[in-house]
1. State all residues of the stretch 87-101 that are at pLDDT 95 or above and either open to solvent by 80 Å² or more (accessible area, probe 1.4 Å) or hydroxyl-bearing (S, T, Y) (or both); if no residue qualifies, say none.
2. With the requirement that a residue be within 18 Å of L47 (Cβ to Cβ) and without any contact (Cβ under 8 Å) to a residue 24 or more places away in the chain, what does the stretch 68-87 give you?
3. Exactly one of (1) within 16 Å of R71 (Cα to Cα); (2) touching a strand residue (DSSP E or B) at 6+ places or on another chain (Cβ under 7 Å); (3) not polar (S, T, N, Q) is unmet by A14. Its number?
4. Output the strands (runs of 3 or more DSSP E) that fall wholly within the stretch 58-115 and possess 1 or more residues being charged (D, E, K, R), or say none.
5. For the stretch 20-56, which positions are within 17 Å of the chain's Cα centre (by Cα), of a type in the set (A, V, I, L, M, F, W, C) and open to solvent by 20 Å² or more (accessible area, probe 1.4 Å)?
6. Identify the single condition in (1) of a type outside the set (D, E); (2) modelled with pLDDT of 95 or more; (3) under 12 Å from the mean Cα position of the chain (by Cα) that S17 does not satisfy, given that it satisfies every other one.
Amino acid sequence: QVQLVESGGGLVQAGGSLRLSCEASGTIFSITRMAWYRKSPGKQRELVAFITSGGITNYADSVKGRFTMSRDNVKNPVYLQMNSLKPEDTAVYYCQAVSFGNIYWGPGTQVTVSS
């Protein structure tokens with residue numbers, strides 16, 4: 001079992017920055033991938049970025065060049081540095097972990113970008 005807790009969301013003006021954190025607990029040694037997703041009203045859940053156990057990262061086209069996903073230590077915690085935020089980045093951001101083929105989610109953290 002893996003438990004995830006996100007933090008760092010909030011209200012920011014367009015052009016500003018936020019850093020989200022995702023702290024994992026439980027059987028973290030088995031995590032093969034961690035990712036950030038977001039969900040805004042009326043839209044489908046969207047993959048924002050992911051990082052593999054080997055450190056490979058990938059980003060959605062909508063955030064490339066603005067968001068950076070990283071981790072402090074092997075697998076835990078992971079961060080999402082969000083720069084040059086736009087109103088369309090407003091969403092609930094969720095952390096996801098994949099472990100032994102199972103998918104785990106955090107409760108989410110709200111990010112609101114005002115214009």
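1. Scanning the stretch 87-101 gives E88, T90, Y93, Y94.
2. The answer is T68, S70.
3. Of everything listed in (1) within 16 Å of R71 (Cα to Cα); (2) touching a strand residue (DSSP E or B) at 6+ places or on another chain (Cβ under 7 Å); (3) not polar (S, T, N, Q), A14 misses just condition (1).
4. 67-71
5. I28, L47, F50, I56, listed by residue number.
6. Among (1) of a type outside the set (D, E); (2) modelled with pLDDT of 95 or more; (3) under 12 Å from the mean Cα position of the chain (by Cα), S17 violates only (3).
The values are calculated or read from the model by the stated rules, or taken from the named source; none is laboratory data. This one's a predicted model, so the numbers in the text were calculated from it and none came from an experiment. Here the Cβ is made from the backbone with ideal geometry for all residues, glycine too, and neighbour counts use every protein chain on show. Heavy atoms of the whole protein, side chains included, go into the accessibility calculation; ligands, DNA and RNA do not. Shrake-Rupley method; radii C 1.70, N 1.55, O 1.52, S 1.80 Å.
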